Amino acid sequence: MEANQVAELIRAGLPEAEKVEVTGGEGKFEALVVSPQFAGMNKVRKHQTVYATVRDQIDSGEVHALSIRALTPEEAAGA
């Protein structure tokens with residue numbers, strides 16, 4: 001699985017996301033996701049929300065590791 005495929009899965013699962021950037025490969029990826037949907041969520045809940053978009057790929061082994069930065073637009077802007 002390629003980074004762009006992981007990004008597409010995240011975008012499909014989080015259509016409100018303003019920014020989805022995924023890097024990496026060979027099953028190990030890093031994702032930056034900025035979405036207003038994260039408002040009011042703690043860090044763990046934000047990560048669970050992103051992981052849910054690629055759960056099938058994690059379960060199948062296509063995605064071995066996913067490091068996540070999940071931010072609201074305000075957090076991303078440094079507010």
Looking at segment 34-61, I want the residues that are among the hydrophobic types (A, V, I, L, M, F, W, C) and have a partner that is surrounded by 11 or more Cβ atoms within 10 Å (Cβ to Cβ) and part of a loop (DSSP other than H, G, I, E, B) with Cβ atoms under 7 Å, at least 6 apart or on another chain. Which pairs are those?
Val34/Ala17; Val34/Glu18; Phe38/Thr72; Ala39/Thr72; Val54/Val63
Find the residue count for segment 1-17, including only residues that are surrounded by 14 or more Cβ atoms within 10 Å (Cβ to Cβ) and out of contact with any Ser or Thr (no Cβ under 8 Å at 6 or more places or on another chain).
6
Are any residues in segment 35-79 of a type in the set (Lys, Arg) and either assigned to a helix (DSSP H, G or I) or within 18 Å of Pro15 (Cβ to Cβ) (or both), and if so, which ones?
Lys43, Arg45, Lys46, Arg55
Pair list, Cβ under 8 Å, 6 or more apart: segment 1-27 residue closer than 15 Å to Thr49 by Cβ, other residue in a helix (DSSP H, G or I) and hydroxyl-bearing (Ser, Thr, Tyr):
Leu9/Thr53; Ile10/Thr53; Ala12/Thr53; Gly13/Thr53; Leu14/Thr49; Leu14/Thr53
Taking segment 49-79 as the region of interest, how many residues are polar (S, T, N, Q) and either exposed (fewer than 14 other Cβ atoms within 10 Å of the Cβ) or more than 9 Å from the chain's Cα centre (by Cα) (or both)?
4
Taking the options Leu9, Leu32, name whichever one is of a type in the set (A, V, I, L, M), within 19 Å of Ala77 (Cα to Cα) and either out of contact with any Phe, Trp or Tyr (no Cβ under 9 Å at 6 or more places or on another chain) or in a loop (DSSP other than H, G, I, E, B) (or both).
Leu32
Would you pick out the residues in segment 35-44 that are of a type outside the set (Gly, Ala, Ser) and closer than 17 Å to Glu74 by Cα?
Pro36, Gln37, Phe38, Met41, Asn42, Lys43
Can you say whether Thr23 is in a strand (DSSP E or B), out of contact with any His (no Cβ under 9 Å at 6 or more places or on another chain) and among the hydroxyl-bearing types (Ser, Thr, Tyr), as far as the supplied structure shows?
yes
With the requirement that a residue be out of contact with any helix residue (DSSP H, G or I) (no Cβ under 6 Å at 6 or more places or on another chain) and surrounded by 16 or more Cβ atoms within 10 Å (Cβ to Cβ), what does segment 18-31 give you?
Ala31
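Here, each number is a calculation from the coordinates, and none is a lab measurement. Quick caveat: nothing in here was measured; it's all calculated off a predicted structure. Cβ sites come from the backbone with ideal geometry, for glycine too, and all protein chains shown count toward neighbours.
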